[in-house]
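The values are calculated or read from the model by the stated rules, or taken from the named source; none is laboratory data. Small disclaimer: the values here were computed from a predicted structure and weren't measured. All Cβ positions, even for glycine, are placed from backbone atoms using ideal geometry, and neighbour counts span all protein chains on display. SASA here: full protein model, heavy atoms, side chains in, ligands and nucleic acids out. Shrake-Rupley method; radii C 1.70, N 1.55, O 1.52, S 1.80 Å.
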Amino acid sequence: MTKTAPYGGQLIQRIDRNVNIKTIFHEIELDQMALADLEMIATGAYSPLTGYMDEENYNSVLEKTRLKNGIVWSIPITLPVDERTASQLQIGDDVRLVYDGVHYGVLNVIDIYEPDKAVEAQSVFGTIDERHPGVKKLYERPNYYIAGPITLINRLAQTFENYHLDPKDTRALFEELGWKTIVGFQTRNPVHRAHEYIQKAALEIVDGLLLHPLIGETKADDIPASLRMRSYEVLLDRYYPKNRVCLAVFPAAMRYAGPREAIFHAIVRKNFGCTHFIVGRDHAGVGDYYGTYEAQQLVAQYEHELGIHILKFEHSFYCKACGNMASEKTCPHTQADHVLLSGTKVRQMLKNGEFPPKEFSRPEVINVLMNEKEN
Ligand code: ADX
(Lines give C-alpha, C1' and ligand atoms only; values in the text may rest on other atoms or scores of the structure.)
Protein backbone atom coordinates (compact mmCIF):
# COMPACT_ATOMS: atom_id res chain seq x y z
CA MET A 1 0.00 0.00 0.00
CA THR A 2 1.06 3.58 -0.54
CA LYS A 3 1.66 5.78 2.48
CA THR A 4 -1.71 7.50 2.06
CA ALA A 5 -4.54 5.93 4.01
CA PRO A 6 -7.88 5.89 2.21
CA TYR A 7 -10.20 8.69 3.30
CA GLY A 8 -11.93 7.63 6.50
CA GLY A 9 -9.31 4.91 7.09
CA GLN A 10 -10.55 2.01 4.99
CA LEU A 11 -10.86 1.43 1.25
CA ILE A 12 -14.50 0.46 0.72
CA GLN A 13 -14.96 -2.61 -1.53
CA ARG A 14 -18.51 -3.52 -2.43
CA ILE A 15 -18.34 -5.78 -5.50
CA ASP A 16 -19.97 -9.19 -5.50
CA ARG A 17 -20.85 -10.88 -8.76
CA ASN A 18 -22.64 -13.74 -7.01
CA VAL A 19 -25.59 -11.85 -5.56
CA ASN A 20 -28.84 -13.65 -6.41
CA ILE A 21 -31.21 -11.03 -7.81
CA LYS A 22 -33.98 -13.45 -8.82
CA THR A 23 -35.82 -12.95 -5.54
CA ILE A 24 -35.58 -9.15 -5.62
CA PHE A 25 -38.86 -7.68 -6.78
CA HIS A 26 -38.18 -3.94 -6.94
CA GLU A 27 -36.17 -2.21 -9.62
CA ILE A 28 -34.76 1.29 -10.07
CA GLU A 29 -33.59 2.63 -13.42
CA LEU A 30 -30.37 4.58 -12.91
CA ASP A 31 -29.32 7.62 -14.90
CA GLN A 32 -25.72 7.99 -16.12
CA MET A 33 -24.61 9.97 -13.08
CA ALA A 34 -26.08 7.50 -10.59
CA LEU A 35 -24.59 4.57 -12.50
CA ALA A 36 -21.11 6.12 -12.40
CA ASP A 37 -21.58 6.89 -8.69
CA LEU A 38 -22.55 3.25 -8.09
CA GLU A 39 -19.24 2.09 -9.51
CA MET A 40 -17.29 4.78 -7.66
CA ILE A 41 -18.84 3.78 -4.32
CA ALA A 42 -18.29 0.07 -4.94
CA THR A 43 -14.63 0.41 -5.92
CA GLY A 44 -13.82 2.66 -2.96
CA ALA A 45 -13.26 5.87 -4.94
CA TYR A 46 -15.83 7.52 -2.64
CA SER A 47 -14.61 5.88 0.59
CA PRO A 48 -15.94 6.04 3.28
CA LEU A 49 -19.35 6.10 1.52
CA THR A 50 -20.96 2.66 1.23
CA GLY A 51 -24.09 3.78 -0.59
CA TYR A 52 -26.23 6.71 -1.68
CA MET A 53 -26.74 9.24 1.12
CA ASP A 54 -29.60 9.21 3.62
CA GLU A 55 -31.36 12.45 4.55
CA GLU A 56 -29.29 13.09 7.66
CA ASN A 57 -26.00 12.80 5.79
CA TYR A 58 -27.41 14.78 2.87
CA ASN A 59 -28.52 17.66 5.10
CA SER A 60 -25.25 17.57 6.98
CA VAL A 61 -23.28 17.80 3.71
CA LEU A 62 -25.39 20.74 2.53
CA GLU A 63 -25.32 22.63 5.82
CA LYS A 64 -21.90 21.79 7.25
CA THR A 65 -19.86 20.34 4.36
CA ARG A 66 -19.52 17.24 6.54
CA LEU A 67 -21.03 13.78 6.85
CA LYS A 68 -23.05 13.25 10.01
CA ASN A 69 -20.03 11.54 11.62
CA GLY A 70 -18.20 14.87 11.26
CA ILE A 71 -15.78 14.09 8.44
CA VAL A 72 -15.50 16.59 5.62
CA TRP A 73 -17.62 15.82 2.54
CA SER A 74 -18.78 18.40 0.03
CA ILE A 75 -20.94 16.85 -2.71
CA PRO A 76 -24.22 14.96 -2.09
CA ILE A 77 -24.17 11.48 -3.61
CA THR A 78 -27.82 10.68 -4.20
CA LEU A 79 -30.10 8.31 -6.07
CA PRO A 80 -33.09 10.22 -7.50
CA VAL A 81 -36.32 8.40 -8.43
CA ASP A 82 -39.75 9.60 -9.48
CA GLU A 83 -42.71 9.87 -7.12
CA ARG A 84 -44.30 6.62 -8.33
CA THR A 85 -41.17 4.56 -7.69
CA ALA A 86 -40.66 6.24 -4.30
CA SER A 87 -44.24 5.46 -3.25
CA GLN A 88 -43.79 1.75 -4.08
CA LEU A 89 -40.70 1.32 -1.90
CA GLN A 90 -40.40 0.78 1.84
CA ILE A 91 -37.53 0.91 4.28
CA GLY A 92 -35.85 -2.50 4.31
CA ASP A 93 -36.67 -3.37 0.69
CA ASP A 94 -33.95 -4.72 -1.58
CA VAL A 95 -33.84 -3.15 -5.02
CA ARG A 96 -32.17 -4.09 -8.30
CA LEU A 97 -30.27 -1.21 -9.90
CA VAL A 98 -30.61 -1.23 -13.67
CA TYR A 99 -29.19 0.80 -16.54
CA ASP A 100 -30.15 0.23 -20.16
CA GLY A 101 -31.58 -3.21 -19.40
CA VAL A 102 -28.51 -4.48 -17.50
CA HIS A 103 -28.45 -5.18 -13.76
CA TYR A 104 -25.47 -3.40 -12.24
CA GLY A 105 -26.19 -3.45 -8.55
CA VAL A 106 -28.45 -3.98 -5.59
CA LEU A 107 -29.41 -1.59 -2.82
CA ASN A 108 -30.99 -2.03 0.56
CA VAL A 109 -33.37 0.88 1.21
CA ILE A 110 -32.66 2.73 4.48
CA ASP A 111 -34.28 6.06 3.65
CA ILE A 112 -36.69 7.70 1.18
CA TYR A 113 -36.92 11.49 1.15
CA GLU A 114 -37.91 14.52 -0.85
CA PRO A 115 -35.08 17.03 -1.16
CA ASP A 116 -35.48 20.78 -1.33
CA LYS A 117 -33.63 21.31 -4.60
CA ALA A 118 -33.33 25.08 -4.20
CA VAL A 119 -31.50 24.51 -0.91
CA GLU A 120 -29.30 21.87 -2.53
CA ALA A 121 -28.51 24.12 -5.50
CA GLN A 122 -27.65 27.09 -3.30
CA SER A 123 -25.42 25.04 -0.96
CA VAL A 124 -23.59 22.98 -3.56
CA PHE A 125 -23.42 25.39 -6.52
CA GLY A 126 -23.81 28.73 -4.75
CA THR A 127 -26.68 29.61 -7.11
CA ILE A 128 -30.17 28.53 -8.09
CA ASP A 129 -29.70 29.81 -11.63
CA GLU A 130 -30.86 27.04 -13.96
CA ARG A 131 -28.45 28.18 -16.65
CA HIS A 132 -25.72 26.72 -14.44
CA PRO A 133 -25.20 23.18 -15.87
CA GLY A 134 -25.02 21.56 -12.41
CA VAL A 135 -28.22 23.26 -11.26
CA LYS A 136 -29.91 22.40 -14.54
CA LYS A 137 -28.98 18.75 -14.09
CA LEU A 138 -30.18 18.77 -10.47
CA TYR A 139 -33.60 20.05 -11.55
CA GLU A 140 -33.82 17.60 -14.45
CA ARG A 141 -33.29 14.58 -12.20
CA PRO A 142 -36.36 13.06 -10.47
CA ASN A 143 -37.67 14.54 -7.22
CA TYR A 144 -37.25 11.83 -4.55
CA TYR A 145 -34.03 10.34 -3.20
CA ILE A 146 -33.54 6.70 -2.24
CA ALA A 147 -30.72 5.91 0.18
CA GLY A 148 -28.93 2.80 1.27
CA PRO A 149 -25.82 0.65 0.99
CA ILE A 150 -25.10 -0.80 -2.45
CA THR A 151 -23.33 -3.79 -3.95
CA LEU A 152 -22.02 -3.73 -7.52
CA ILE A 153 -22.86 -7.02 -9.24
CA ASN A 154 -21.64 -6.29 -12.78
CA ARG A 155 -18.72 -4.18 -13.97
CA LEU A 156 -19.55 -1.37 -16.39
CA ALA A 157 -18.30 -1.57 -19.97
CA GLN A 158 -14.84 -0.01 -20.11
CA THR A 159 -14.62 2.62 -22.80
CA PHE A 160 -10.87 3.14 -22.41
CA GLU A 161 -9.83 -0.41 -21.73
CA ASN A 162 -6.17 0.08 -20.83
CA TYR A 163 -6.84 3.04 -18.63
CA HIS A 164 -9.43 1.74 -16.16
CA LEU A 165 -7.75 1.41 -12.80
CA ASP A 166 -9.72 1.08 -9.57
CA PRO A 167 -8.32 2.73 -6.44
CA LYS A 168 -6.89 -0.60 -5.32
CA ASP A 169 -5.12 -0.90 -8.70
CA THR A 170 -3.55 2.57 -8.67
CA ARG A 171 -2.45 1.98 -5.07
CA ALA A 172 -0.82 -1.32 -6.03
CA LEU A 173 0.82 0.28 -9.07
CA PHE A 174 2.28 3.17 -7.08
CA GLU A 175 3.66 0.67 -4.57
CA GLU A 176 5.19 -1.41 -7.36
CA LEU A 177 6.75 1.69 -8.95
CA GLY A 178 8.15 2.74 -5.58
CA TRP A 179 6.35 6.11 -5.71
CA LYS A 180 5.93 7.52 -2.21
CA THR A 181 4.51 10.88 -3.25
CA ILE A 182 1.98 11.12 -6.04
CA VAL A 183 0.20 14.19 -7.36
CA GLY A 184 -3.31 13.78 -8.77
CA PHE A 185 -4.56 15.91 -11.67
CA GLN A 186 -8.27 16.29 -12.41
CA THR A 187 -9.28 17.55 -15.85
CA ARG A 188 -12.31 17.73 -18.12
CA ASN A 189 -10.81 19.86 -20.87
CA PRO A 190 -8.40 19.20 -23.73
CA VAL A 191 -4.87 19.46 -22.41
CA HIS A 192 -3.11 22.77 -23.03
CA ARG A 193 0.30 24.20 -22.19
CA ALA A 194 -0.82 25.66 -18.84
CA HIS A 195 -2.04 22.20 -17.75
CA GLU A 196 1.28 20.72 -18.81
CA TYR A 197 3.18 23.49 -17.00
CA ILE A 198 1.46 23.00 -13.64
CA GLN A 199 1.62 19.19 -13.90
CA LYS A 200 5.36 19.34 -14.55
CA ALA A 201 5.94 21.97 -11.88
CA ALA A 202 4.26 19.57 -9.44
CA LEU A 203 6.24 16.65 -10.79
CA GLU A 204 9.44 18.48 -9.82
CA ILE A 205 8.61 17.89 -6.15
CA VAL A 206 6.87 14.49 -6.11
CA ASP A 207 7.70 10.98 -7.36
CA GLY A 208 4.81 10.45 -9.76
CA LEU A 209 1.85 12.04 -11.53
CA LEU A 210 -1.61 10.46 -11.75
CA LEU A 211 -3.20 12.07 -14.80
CA HIS A 212 -6.84 11.46 -14.10
CA PRO A 213 -9.15 12.90 -16.78
CA LEU A 214 -12.81 12.75 -15.90
CA ILE A 215 -14.63 10.69 -18.54
CA GLY A 216 -18.13 10.60 -17.00
CA GLU A 217 -21.02 12.76 -18.11
CA THR A 218 -20.11 16.36 -19.00
CA LYS A 219 -22.15 19.21 -20.43
CA ALA A 220 -22.93 18.95 -24.12
CA ASP A 221 -20.41 21.51 -25.35
CA ASP A 222 -17.40 20.05 -23.50
CA ILE A 223 -14.92 18.18 -25.74
CA PRO A 224 -15.69 14.40 -25.77
CA ALA A 225 -13.57 12.19 -23.50
CA SER A 226 -12.31 10.07 -26.42
CA LEU A 227 -10.58 13.10 -27.99
CA ARG A 228 -9.22 14.26 -24.66
CA MET A 229 -7.75 10.82 -23.96
CA ARG A 230 -6.24 10.63 -27.45
CA SER A 231 -4.64 14.06 -26.90
CA TYR A 232 -3.07 12.80 -23.70
CA GLU A 233 -1.70 9.76 -25.47
CA VAL A 234 0.09 11.82 -28.12
CA LEU A 235 1.32 14.32 -25.57
CA LEU A 236 2.66 11.70 -23.15
CA ASP A 237 4.36 9.96 -26.01
CA ARG A 238 6.46 13.00 -26.88
CA TYR A 239 6.76 15.25 -23.86
CA TYR A 240 6.51 13.27 -20.59
CA PRO A 241 8.89 10.86 -18.89
CA LYS A 242 7.25 7.44 -19.22
CA ASN A 243 8.32 6.18 -15.82
CA ARG A 244 6.86 9.07 -13.87
CA VAL A 245 3.32 9.33 -15.20
CA CYS A 246 0.25 7.12 -14.86
CA LEU A 247 -2.69 7.95 -17.15
CA ALA A 248 -5.98 6.53 -15.88
CA VAL A 249 -9.61 7.55 -16.24
CA PHE A 250 -11.92 8.97 -13.58
CA PRO A 251 -15.36 7.65 -14.59
CA ALA A 252 -17.56 9.96 -12.47
CA ALA A 253 -19.83 12.69 -13.83
CA MET A 254 -18.78 16.34 -13.74
CA ARG A 255 -20.81 18.48 -11.32
CA TYR A 256 -19.47 21.97 -12.16
CA ALA A 257 -19.64 22.82 -8.46
CA GLY A 258 -16.35 24.74 -8.42
CA PRO A 259 -15.10 25.13 -4.82
CA ARG A 260 -17.12 22.25 -3.35
CA GLU A 261 -16.17 19.96 -6.22
CA ALA A 262 -12.48 20.76 -5.64
CA ILE A 263 -12.78 19.30 -2.12
CA PHE A 264 -14.59 16.26 -3.52
CA HIS A 265 -11.98 15.78 -6.27
CA ALA A 266 -9.18 15.90 -3.69
CA ILE A 267 -10.87 13.32 -1.42
CA VAL A 268 -11.45 10.96 -4.34
CA ARG A 269 -7.81 11.22 -5.52
CA LYS A 270 -6.65 10.46 -1.98
CA ASN A 271 -8.63 7.24 -2.28
CA PHE A 272 -6.79 6.50 -5.53
CA GLY A 273 -3.55 6.79 -3.53
CA CYS A 274 -2.48 10.37 -4.21
CA THR A 275 -0.58 12.30 -1.54
CA HIS A 276 -0.90 15.62 -3.40
CA PHE A 277 -3.62 17.18 -5.54
CA ILE A 278 -3.54 20.13 -7.94
CA VAL A 279 -6.10 22.90 -7.68
CA GLY A 280 -5.43 25.62 -10.23
CA ARG A 281 -7.44 28.47 -11.62
CA ASP A 282 -11.26 28.21 -11.31
CA HIS A 283 -11.14 24.46 -10.59
CA ALA A 284 -14.33 22.67 -11.75
CA GLY A 285 -15.80 26.04 -12.53
CA VAL A 286 -18.14 27.11 -15.29
CA GLY A 287 -19.02 30.54 -16.74
CA ASP A 288 -18.56 33.31 -14.19
CA TYR A 289 -20.17 31.55 -11.25
CA TYR A 290 -16.98 31.27 -9.15
CA GLY A 291 -14.01 33.52 -8.52
CA THR A 292 -10.65 32.49 -10.01
CA TYR A 293 -9.25 31.33 -6.66
CA GLU A 294 -12.47 30.53 -4.77
CA ALA A 295 -11.88 26.77 -5.06
CA GLN A 296 -8.36 27.13 -3.66
CA GLN A 297 -9.64 29.23 -0.78
CA LEU A 298 -12.36 26.75 0.20
CA VAL A 299 -10.07 23.71 -0.05
CA ALA A 300 -7.49 25.54 2.07
CA GLN A 301 -10.04 25.76 4.90
CA TYR A 302 -10.33 21.96 5.04
CA GLU A 303 -6.92 20.87 3.81
CA HIS A 304 -5.56 19.83 7.23
CA GLU A 305 -8.54 17.52 7.70
CA LEU A 306 -8.42 15.97 4.22
CA GLY A 307 -4.98 14.43 4.65
CA ILE A 308 -3.84 15.32 1.13
CA HIS A 309 -1.55 18.23 0.23
CA ILE A 310 -3.21 20.72 -2.06
CA LEU A 311 -0.86 22.25 -4.62
CA LYS A 312 -2.40 25.58 -5.57
CA PHE A 313 -1.36 27.11 -8.86
CA GLU A 314 -1.99 30.60 -10.10
CA HIS A 315 -3.45 31.27 -13.50
CA SER A 316 -0.62 30.24 -15.85
CA PHE A 317 0.05 31.34 -19.42
CA TYR A 318 2.77 31.62 -22.02
CA CYS A 319 4.62 34.94 -21.83
CA LYS A 320 6.24 36.05 -25.08
CA ALA A 321 8.64 38.40 -23.29
CA CYS A 322 9.78 35.65 -20.90
CA GLY A 323 9.79 33.11 -23.72
CA ASN A 324 8.32 30.72 -21.17
CA MET A 325 5.26 29.49 -19.39
CA ALA A 326 4.70 31.67 -16.34
CA SER A 327 2.19 33.14 -13.91
CA GLU A 328 1.81 36.49 -12.10
CA LYS A 329 4.07 34.97 -9.45
CA THR A 330 6.99 34.56 -11.84
CA CYS A 331 6.45 37.04 -14.69
CA PRO A 332 7.05 40.83 -14.56
CA HIS A 333 5.44 41.61 -17.95
CA THR A 334 1.97 42.85 -18.84
CA GLN A 335 -0.96 41.03 -20.37
CA ALA A 336 0.07 42.34 -23.79
CA ASP A 337 2.83 39.71 -23.74
CA HIS A 338 0.63 36.91 -22.41
CA VAL A 339 -1.10 34.31 -24.58
CA LEU A 340 -4.47 33.91 -22.89
CA LEU A 341 -7.36 32.02 -24.50
CA SER A 342 -10.63 30.90 -22.97
CA GLY A 343 -11.95 27.38 -23.49
CA THR A 344 -14.88 28.82 -25.43
CA LYS A 345 -12.56 30.79 -27.72
CA VAL A 346 -10.51 27.65 -28.42
CA ARG A 347 -13.63 25.60 -29.18
CA GLN A 348 -14.74 28.33 -31.59
CA MET A 349 -11.34 28.37 -33.33
CA LEU A 350 -11.37 24.59 -33.72
CA LYS A 351 -14.87 24.72 -35.14
CA ASN A 352 -13.77 27.30 -37.71
CA GLY A 353 -10.74 25.22 -38.64
CA GLU A 354 -8.33 27.78 -37.12
CA PHE A 355 -5.17 26.54 -35.39
CA PRO A 356 -4.81 27.94 -31.82
CA PRO A 357 -1.26 29.29 -31.27
CA LYS A 358 1.43 26.75 -30.36
CA GLU A 359 2.13 28.81 -27.22
CA PHE A 360 -1.36 27.89 -26.07
CA SER A 361 -1.55 24.26 -27.11
CA ARG A 362 0.90 21.69 -28.49
CA PRO A 363 0.30 21.24 -32.27
CA GLU A 364 0.09 17.45 -31.73
CA VAL A 365 -2.93 18.01 -29.48
CA ILE A 366 -4.59 20.42 -31.90
CA ASN A 367 -4.14 17.86 -34.67
CA VAL A 368 -6.02 15.29 -32.60
CA LEU A 369 -8.80 17.73 -31.77
CA MET A 370 -9.19 18.82 -35.38
CA ASN A 371 -8.72 15.61 -37.29
CA GLU A 372 -10.04 12.73 -35.26
CA LYS A 373 -13.66 11.82 -35.00
CA GLU A 374 -15.26 11.00 -31.70
CA ASN A 375 -15.32 7.22 -30.94
S1 ADX B 1 -11.72 21.23 -14.45
O2 ADX B 1 -13.16 21.51 -14.55
O3 ADX B 1 -11.41 19.80 -14.49
O4 ADX B 1 -11.12 21.93 -13.30
P5 ADX B 1 -9.73 21.85 -16.51
O6 ADX B 1 -9.58 20.54 -17.16
O7 ADX B 1 -9.61 23.03 -17.41
O8 ADX B 1 -11.14 21.94 -15.79
O9 ADX B 1 -8.66 22.06 -15.36
C10 ADX B 1 -7.92 21.06 -14.77
C11 ADX B 1 -7.06 21.64 -13.65
O12 ADX B 1 -6.12 22.60 -14.19
C13 ADX B 1 -7.83 22.41 -12.57
O14 ADX B 1 -7.18 22.25 -11.32
C15 ADX B 1 -7.72 23.84 -13.04
O16 ADX B 1 -7.84 24.74 -11.96
C17 ADX B 1 -6.32 23.88 -13.60
N18 ADX B 1 -6.11 24.89 -14.67
C19 ADX B 1 -6.70 24.92 -15.89
N20 ADX B 1 -6.22 25.94 -16.64
C21 ADX B 1 -5.30 26.58 -15.87
C22 ADX B 1 -4.43 27.71 -16.07
N23 ADX B 1 -4.40 28.40 -17.21
N24 ADX B 1 -3.62 28.07 -15.04
C25 ADX B 1 -3.61 27.40 -13.87
N26 ADX B 1 -4.41 26.32 -13.62
C27 ADX B 1 -5.23 25.90 -14.61
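Points to keep in mind about this one:
- Gyration tensor verdict on segment 1-146 (Cα atoms; rounded if a/c is under 1.5, prolate if a/b is larger than b/c, oblate otherwise): oblate
- Segment 168-219: C-alpha gyration tensor shape, a/c 1.5 cut-off, then a/b vs b/c: oblate
- Cβ charges +1 (Lys, Arg) and -1 (Asp, Glu), total dipole of segment 297-349, debye: 300 debye
- These residues, TYR144, TYR52, go from largest to smallest accessible area, 1.4 Å probe, as TYR144, TYR52.
- Treating each Cα of segment 83-221 as one equal point scatterer and applying the Debye formula with no solvent, the log10 of I(q)/I(0) at q = 0.15, 0.18, 0.20 Å⁻¹ comes out as -1.10, -1.21, -1.23.
- Among PRO80, ASN271, GLY8 - extreme Cα towards positive end, dipole of the chain, charges at beta-carbon: ASN271
- Put simply, the amide H of TYR104, placed in the peptide plane, has neighbours under 5 Å in LEU97, VAL98, TYR99, leaving out anything fewer than 5 places away on its chain.
- Set the Cα radius of gyration of segment 12-68 against 2.2 N^0.38 Å, with N its number of residues, and you get 1.32.
- Residues with amide H under 5 Å from that of ASP111, placed H, sequence gap 5 or more: ALA147
- Looking at the chain, the accessible area is 44 square angstrom per residue; that uses a 1.4 Å probe and ignores ligands, DNA and RNA.
- Positive dipole terminus of the chain, leading residue within TYR240, ALA34, TYR163 (C-beta point charges): TYR240
- Derived scalar couplings between HN and Hα for segment 100-110 equal 6, x, 10, 7, 10, x, 10, 9, 9, 6, 10 Hz in order, rounded to whole Hz, by the Karplus curve 6.51 cos²θ - 1.76 cosθ + 1.60 (θ = phi - 60°), x for Gly and Pro.
- Only the Cβ atoms of Lys and Arg (+1) and of Asp and Glu (-1) were treated as charged; on that basis the dipole of the chain about its Cα centre amounts to roughly 1160 debye.
- Apportionment of accessible area to carbon and sulfur, the chain, percent (1.4 Å): 46 percent
- For the chain, the relative contact order comes to 18 percent (Cα pairs under 8 Å, sequence separation of at least 6).
- One equal scatterer on each Cα of segment 171-327, no solvent, Debye formula: the resulting log10 I(q)/I(0) at q = 0.09, 0.11, 0.18, 0.19 Å⁻¹ is -0.27, -0.41, -1.18, -1.32.
- Lys/Arg +1, Asp/Glu -1 at C-beta; the chain dipole; positive extreme among ILE153, ALA326, PRO251: ALA326
- For the chain, the normalised intensity computed at q = 0.11 Å⁻¹ comes to -0.78 (log10 of I(q)/I(0), Debye sum over alpha carbons, equal scatterers, no solvent).
- For segment 69-131, a/c is not less than 1.5, where a ≥ b ≥ c are the root eigenvalues of the C-alpha gyration tensor, and a/b tops b/c. That puts it in the prolate class.
- Dipole moment magnitude, nearest 20 debye, segment 1-156 about Cα centre, only Lys, Arg, Asp, Glu C-beta charged: 640 debye
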